[in-house]
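To keep things clear, I will list the structure first and then write my remarks on it.
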Amino acid sequence: MIDIKKAGMEDWQKIRNIAFETWPVTYGTLMPMEQVHYLLEKLFSRHTIQSQMNENGHVYLLAESEGIQVGFASYEINYRGQPRMMIHKLYVSPALQGNGIGTQVLDALTGIASQKHQTALRLKVYYLNRKAIRFYEKYGFVKTGIEKTDPGNRFIIEDEVMIRELLS
């Protein structure tokens, strides 16, 4: 069993550590390592995490097992003015994937979304990340389109948009 708690800025380094542990394993064979390193530095700096929390309305959750961080997620309520929870991030330590941690985090996010009167969960997943796409499909997410993002440094990110409708 894991504990899932709301993270604050004091937890930014824990979030960063999990990202730096997860990304090379997850994306190292899917995109150039130069891109992996660039995106890690850009997305998981103290400044970026602080900006997401304080200015963009992102809430971070830490997943812990016996006091050790095993994953994290971030979400936003009423994404783009609609009653949909946007799951911006969900990462589980590679050595612990397949043990139900991701499902427990999604269950927690679904509970929060229901409490906040959201009608759906929405997320984006890198289009080549087949393992994650299968995981989300098993949880009831459906592919609804493609979004491209320009994070800079001549890189373009192509993501599958996935949605899971929630019962009212």
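The values are calculated or read from the model by the stated rules, or taken from the named source; none is laboratory data. Quick caveat, the model's predicted, so the values are computed rather than measured. Note that each Cβ is placed from the backbone with ideal geometry, even for glycine, and that neighbours are counted across all protein chains shown.
List of remarks:
- Long-range neighbours under 6 Å by Cβ, at least six apart or interchain, first residue free of Cβ contacts under 8 Å to residues at least 40 places away in the same chain and within 17 Å of ILE87 (Cβ to Cβ) within the stretch 44-63, second of a type in the set (A, V, I, L, M) and not in a loop (DSSP other than H, G, I, E, B): PHE44/ALA19
- Scanning the stretch 143-166 for residues that are surrounded by 12 or more Cβ atoms within 10 Å (Cβ to Cβ), modelled with pLDDT of 95 or more and of a type in the set (A, V, I, L, M, F, W, C) returns VAL161, MET162, ILE163, LEU166.
- Test result for THR110, crowded, with 17+ Cβ neighbours inside 10 Å and hydroxyl-bearing (Ser, Thr, Tyr): yes
- Qualifying positions in the stretch 22-43 - among the charged types (D, E, K, R) and in contact (Cβ under 8 Å) with a residue 40 or more places away in the chain: LYS42
- Conditions (1) touching a Phe, Trp or Tyr at 6+ places or on another chain (Cβ under 6 Å); (2) in contact (Cβ under 8 Å) with a residue 40 or more places away in the chain: number failed by ILE87: (2)
- Within the stretch 25-54, considering residues that are aromatic (Phe, Trp, Tyr) and in a helix (DSSP H, G or I), the one nearest to ASN153 (Cα to Cα): TYR38
- ILE101 in contact (Cβ under 8 Å) with a residue 40 or more places away in the chain, of a type in the set (Val, Ile, Thr), within 29 Å of TYR38 (Cα to Cα) and out of contact with any helix residue (DSSP H, G or I) (no Cβ under 6 Å at 6 or more places or on another chain): yes
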